[in-house]
Amino acid sequence: MEASFPHEEYRDRFERASSLMERDGLDALVVSARDNYWYFTGLISYQFDHLMRPQIFILPKGKKPLVLVYGNDRTKAQALPWIGEVRSYVDVPFPQEMISSSIKEMGLGEARLGFEMGDNQRLGIPVSYLSGLTEALPKARILDASAALCELRLIKSPLEIGAMRRACDISMRAYERCLPQLHPGITRREVAERLFIAMIEEGANPRTPGFLMLNASTLYDDRRYEKGDRMVADFGACASGYFGDITRMAIFGSPSAEQKKEHEVVCDLIKRCSEKMKPGDPIAELPRIANRELGRRGYPRVESPKRIGHGIGLARAEPPSINEVEKAVHRPGMILALEPKLRTEKGSVHLEEDILITEKGAEFLTSGAETLRVIE
């Protein structure tokens with residue numbers, strides 16, 4: 001069986017989803033976006049690389065789900081005991097009528113069907129399929145399920161937290177493995193190659209090892225880091241489908257007094273913000289704290305609603321957003337990537353730590369940002 005977690009984890013997700021459907025007036029969820037499909041099925045299918053081969057998950061309230069899969073995934077899906085029924089199609093073109101006929105045969109032909117239609121959600125099927133459903137199921141109601149889907153993934157289970165701890169550990173070990181291989185004169189392409197390889201060597205899935213930006217770019221070109229340059233690596237490994245997301249800085253050659261000071265300021269911003277990451281505290285307060293400290297020290301403030309962090313999980317950026325217009329409060333089980341930046345004429349000074357909100361407050365899943373590394 002290829003799923004990352006045991007049966008009980010998915011059964012719990014279905015139960016939570018049913019409660020949220022009851023809250024939001026939905027009879028079923030119809031999920032087609034990659035991350036939501038992975039969340040509910042546990043089947044990390046790479047058919048999502050092929051837009052012509054949709055994978056669809058249908059969860060009736062209080063019942064087992066049905067999945068529509070490309071034929072090559074049929075056996076894998078049938079091996080998952082939490083899936084009620086598996087229906088497959090041969091290949092492209094996708095038979096759209098499978099959706100409406102499956103929904104009808106599940107007794108949902110007149111139901112309130114929740115789709116990924118709102119903020120922070122994306123359909124994994126063409127919008128035209130919804131028009132086809134409306135024609136095929138004239139008594140059904142197509143509604144937005146964004147609130148329920150966001151809530152489900154916002155609070156992480158103990159097993160999800162464990163996966164994200166592994167992703168963070170892999171990320172930090174990979175960085176430590178990579179640093180001794182660097183030297184002044186190395187190209188950004190070479191740094192990217194070494195860090196991706198290090199993530200795989202430390203345990204990331206070779207198919208999806210993670211992501212990487214170097215000095216806010218994914219170009220990975222042949223520009224060279226010279227003595228005095230600041231390297232900003234924003235990266236994260238992927239473990240069991242879950243991402244870490246950290247940013248570390250290093251200086252080629254000896255750091256200047258200015259570089260040391262700027263690094264210390266950003267470390268202090270993270271510390272001050274993390275002290276206010278307790279259950280019930282408004283998330284919107286964090287950028288206000290960061291801006292107050294930046295202004296007090298003579299640095300530019302972050303323009304609202306620019307965020308200084310975000311949630312993470314199956315996607316490397318998920319709700320909530322850490323900005324001044326966010327309405328959510330910190331809740332136990334949230335995992336947030338906190339990344340207040342200091343902007344100068346020479347570029348951004350950027351560090352990032354992943355933080356789990358516990359009953360007592362912030363628990364750092366990553367560490368080491370406080371040390372400004374030197375590459376000789």
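Quick look at the numbers
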quantity: Unmet requirement for ASP35, which otherwise passes all of (1) buried (at least 17 other Cβ atoms within 10 Å of the Cβ); (2) out of contact with any Leu (no Cβ under 6 Å at 6 or more places or on another chain); (3) of a type in the set (D, E, K, R); calculated: (2)
quantity: Selection from region 199-241 of residues that are buried (at least 20 other Cβ atoms within 10 Å of the Cβ) and of a type in the set (Asp, Glu); calculated: GLU202, ASP234
quantity: Residues located in region 81-123, provided they are among the aliphatic types (A, V, I, L, M) and surrounded by 15 or more Cβ atoms within 10 Å (Cβ to Cβ); calculated: ILE83, VAL86, MET98, ILE99, ILE103, MET106, LEU108, ALA111, LEU113, MET117, LEU123
quantity: Qualifying position, being out of contact with any strand residue (DSSP E or B) (no Cβ under 7 Å at 6 or more places or on another chain) and outside the structural domain of ALA317 (by TED's automatic domain parsing), among LEU68, LEU80, LEU26; calculated: LEU80
quantity: Matching strands (runs of 3 or more DSSP E) fully within region 293-376 where at least 2 residues are more than 22 Å from VAL265 (Cβ to Cβ) and within 24 Å of the chain's Cα centre (by Cα); calculated: 318-321, 353-358, 361-364
quantity: Close pairs (9 angstrom Cβ cut-off, 6 or more residues apart or separate chains): at positive phi in region 348-372, among the basic types (Lys, Arg) anywhere; calculated: GLY361/LYS276; GLY361/LYS278; GLY368/ARG248
quantity: Residue that is farthest from ALA3 (Cα to Cα), among those in region 38-80 that are at pLDDT 95 or above, surrounded by 19 or more Cβ atoms within 10 Å (Cβ to Cβ) and polar (S, T, N, Q); calculated: GLN55
quantity: Qualifying residue in region 2-25 (condition: within 25 Å of GLY107 (Cα to Cα) and in a loop (DSSP other than H, G, I, E, B)); calculated: yes
quantity: Test for ILE289: is it surrounded by 18 or more Cβ atoms within 10 Å (Cβ to Cβ) and of a type in the set (A, V, I, L, M); calculated: no
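The values are calculated or read from the model by the stated rules, or taken from the named source; none is laboratory data. No experiment lies behind these values; they were computed from the predicted model shown. FYI the Cβ positions are ideal-geometry reconstructions off the backbone, even for glycines, and counts take in every protein chain you see.
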